[in-house]
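Report on one structure; see the data block that follows.
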Amino acid sequence: MIALTTRAVIQLRSSVWAVPLLLTATAVGITLVSSALGTIAHLSITIAAVTVLLVIPAIGRSRRGQDLSPFLLVPTLFSAFQNVYLIKVAGVLAPFDLQVTIILNVIDAAILLVGLLLTPGKLTAAFPDALTRLFGIVAATIWTVITAYALFAVIALNVDIPAVAASYRNLITPLLFLLLGIVAAGSTDPRTFARGVTVLSVALVAFALVETVAPHFWHTLGISALWHAKRLHTFPGLDVPTNFVSSERVGGERLVRRGSAFADPVHFGTFLFAAFVMAWWLRKWAVVILCAIGGILAISKGMLISLLVFAAIWPLVHGGRLLRVVVIAAVTAAGAVFVIYSALHSTGSVTAHVNGLVSAFRDLPDHPLGLGVGRAGVLAEVFGAVRTESGQESGLGVIAAQLGIPGIILFVALFGLLTWTTWRFKDPRARVTGIAVTLAFAANAAFNEVALSPNSAAPYCILLGLLITRDGLTRRR
């Protein structure tokens, strides 16, 4: 572990990563300090700091043809460490100021995407072939529909703006980061971005190991105050987030999960699978093993499902017929054992995820156009929406419940296009990586609402955007 961490630090120092990391830390510092000046000043200074420190340097680097990987990793850095730097200021931040600081990842990605598209000559170069233009059209269409739904929810349905804004953010997240990856691909090597993700994964697994040897780490730091400021619940008697304790019992006991710097085992496990696949793609076997260890520490069902997806896809590309049959049979058996064990030993989490998905589709005959943005799902409920079982704990369920049949058709079309495109990748390892990332993301979104969150989706969708454009450029050459 020490050798891997040292090698990672050396890699960062010897590359172009050091300055973007310093700029990211500076932007965070300015945002936190400006929060004491009032809401309007805080929002204005935050946008200015992100634009000046992170977006303008990225655009300059793009115009010089230099790699944008460090700046594409910034949203994930915000996601990974936001609960660490927010934990001591949560008690003094106004609710809106806290939400602004929480969505730094989205603010940065949105401004960077717009900045790149407005760069002279970049719009044409951003979509170099018919396939990337098709992705652009599909993503823009879905984004437009979601925006229309959100406006209708505020104007006609009188849904609270915070609930609409929170749901809108998650619904557009896959589109935002996919488009960012496509637009940045002309001056970005997907392998360099993947290396950044693997280096970050080493640091995050090390953080999780610190949690393991210091079991009261988050309680001592005072994470309960931050969670209450976010309007989230903590586990009774432990003063830590509820998902820090496994929903399944092992030997009659619920186990403590590690969330690393994310302070969230779900996001940590989702990130680790992205890092696992990228490490496999780059043949960084030590990091592959570390990510698997991190998944065990997180007790991540999402990562387990994703690993089963990966295990089923690998022989489809690299194996013969017999190997495919054997591996897929083994994966099916492992999945069945997992579902049965969870059903017998769960405290209700698995049932809630399944019911949220099923209920959203069950309600479609009564609400074929959906309930409206901000009116279904856990996140919407946190910000004031009336509780409804429809879509609870399921990303796909939220899409079905809020956007109805139009939303289902559009998102199925998007992921169908992603699957078809990644299956056609010329490089076999890139093909496995692309298909695994696409289907794992879709599987997690089906049974977990937070899969749509920028904390989970950013590395998946950015990598897909980079791979799609790069493969298209390779075919053209």
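Any read-out appearing in this document is the output of simple, stated calculations on the displayed coordinates, not a laboratory observation. All values derive from a computational prediction rather than experimental measurement. Note that we place each Cβ from the backbone using ideal geometry, even for glycine, and neighbour counts take in every protein chain shown.
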Could you tell me how many cubic angstrom of Cα convex hull volume the chain has per residue?
148 Å³
For THR351, THR220, which order do you get if you count the other beta carbons within 10 Å of each Cβ and list the fewest first?
THR220, THR351
Test item: Cα-centred dipole of the chain, Lys/Arg +1 and Asp/Glu -1 on Cβ, debye
1640 debye
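Expressed as a rounded percentage, what relative contact order does the chain have, with Cα pairs under 8 Å and six or more residues apart?
Details: 723 pairs, mean separation 94.3, N = 477.
Answer for the chain is 20 percent.
Applying a 10 Å radius around every beta-carbon, put 425-433, 255-263 in order of their mean neighbour count, most first.
255-263, 425-433
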Name the aspartates and glutamates eligible as straight-distance cross-link partners of LYS301: C-alpha to C-alpha under 12 Å, and not fewer than 8 places from it in the same chain.
GLU248
Can you sort ILE462, ILE142 so the residue with the fewest Cβ neighbours within 10 Å comes first?
ILE142, ILE462
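Using only DSSP helix segments of four residues or longer, with each worth -39500 (n - 2.57), what per-residue ellipticity at 222 nm results for the chain after dividing by its residue count and rounding to 500? It would help to have the intermediate numbers written out before the result.
Working: 23 runs with 346 residues, N = 477.
About -24000 deg cm²/dmol.
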Fewest-first ranking of ASP366, ASP129, ASP97, using other Cβ atoms within 10 Å as the exposure measure
ASP366, ASP129, ASP97
Ranking request for peptides 368-380, 45-57: highest mean number of other beta-carbon atoms within 10 Å first, then the rest in descending order.
368-380, 45-57
